[in-house]
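The values are calculated or read from the model by the stated rules, or taken from the named source; none is laboratory data. Note that the structure is predicted; figures quoted are calculated from it, not measured. Note that we place each Cβ from the backbone using ideal geometry, even for glycine, and neighbour counts take in every protein chain shown. Accessible surface is based on the protein model in full, side chains and every heavy atom, while ligands, DNA and RNA are left aside. Shrake-Rupley method; radii C 1.70, N 1.55, O 1.52, S 1.80 Å.
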Amino acid sequence: MSYLASDEALSVQHFKNELWKITHSSRAELSATICSSRRFIDSIKNLYNEDKRGILNEEERSNLMTSLILNPEGLLLKFFMESDSTEGTIWPLPFYIGECGRIAVIEDPGKPLIQFYNDTWVKRVSLSLQLLDMIDKFCKENSDWLLLFTDFHHSNFAVTESGRVILTKLKDVVIVDKYDNKPFTGVADNHINYDRPCNEECFAAFVQKLLKNPTSYCKDMQYYAQMMYALGCRWLLSANIDHKVHSNGFNTAKSYPVNPAGLLHSLPSDHEQGISELLDECIHETTPGGRLSAVEELMDLLQEIQYLQEIQYSG
């Protein structure tokens, strides 16, 4: 039996600490396994158990491991499709159709998000709401799993023919088992300072600690996942150039040119100040919990705008 098909290779500690070393230069390059749990490994093993008897043969184990290491996106789409069926969560991801060897067949993702940046105000409001709702789903929708994604460049998102906004790149996601990674409750073990705002510098420090010691820091992920709102507001929604070029700490778009104006550009005068202030707080909270409050207010406001526009056009 090859090493990749061995019980040791399929252990939690190997997934967290050793698997990335086989073909990658850093743990971040195989992010899906950073916070692995026994339940996650058993779930993906079940995806490759063709006879459904609960035991993988050597070929099935090897297929699982090589898919995870070399082309994890197909495996992850299968995993999320399975979690869809067990809990009713509709993840904002391409629908998985099947596979041929290690090549995954998925639905046509549709048009790149950037093609809608100059669409009507009503359409841009709708897409913005879907993007914020996407982050909500990643954080809260499923009671078992949290999905952390930080590369909020517009090229990683698309709009399907039915108008559904989806994330098209899963290579850099971190999957967190909420049951296995419950937040610390003891003061002595708690790494989080809840009395201070957390912005990019705070998140960058957490990411570095997570990559060095995932066993200790995966338990903090349910708190730091809120930074997805900040990254989404900055790189996809805001049209304020200062938000895009003045970035201290964890800058996920540093390898890209500055993104084009965000979806919420050319704001109507009666909403300009309100939306701008909420985006400011979403991106850089000034008080603890300020970001989550701003996101809730922003979503309520955008929903109200959408509703009033629908009434206006239907009338």
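A 1.4 Å probe run over the chain, with the rest of the protein chains in place, finds 48 Å² accessible per residue.
Compare the peptides 165-176, 227-238 by average per-residue count of other Cβ atoms within 10 angstrom and give them in order, highest first.
Highest mean packing first, the order is 227-238, 165-176.
For the residues Arg164, Arg38, a 1.4 Å probe over the protein chains yields an accessible-area ranking, largest first, of Arg38, Arg164. For the set Lys16/Lys140; Lys45/Lys209; Lys178/Lys244; Lys21/Lys111; Lys21/Lys171; Lys16/Lys182, the pairs lying more than 26 angstrom apart at their alpha carbons are Lys45/Lys209; Lys178/Lys244; Lys21/Lys111. Of the peptides 282-288, 57-63, the ranking by mean beta-carbon count within 10 Å, highest at the top, reads 282-288, 57-63. Given the alternatives (1) 22.2; (2) 20.7; (3) 17.5, mean projected area of the Cα convex hull in nm² as computed for this entry is given by (3). Protection proxy ranking for 193-200, 297-304, 73-80, using the average of other Cβ atoms within 10 Å per residue and placing the highest first: 73-80, 297-304, 193-200.
In this structure, Glu29 and Cys100 have a Cβ-Cβ separation that, at R0 = 22 Å, corresponds to a calculated FRET efficiency of about 0.30.
Rounded to the nearest percent, how much of the accessible area of the chain (1.4 Å probe, protein heavy atoms only) is carbon and sulfur?
So the carbon and sulfur contribution to the accessible surface is 51 percent.
Extending 7 Å from the Cα toward the beta-carbon at both Asn57 and Gln208 defines two label points whose distance is 5.0 nm. For the pair Arg39 and Tyr3, the difference between a 0.36 nm per residue extended length and the Cα-Cα distance amounts to 10.8 nm.
Residues of region 24-64 with an amide N closer than 11 Å to a point placed 7 Å from the Cα of Thr215 along the Cα-to-Cβ direction: none.
Heavy-atom accessible area for Glu272, with the other protein chains in place and a 1.4 Å probe, reaches approximately 100 Å².
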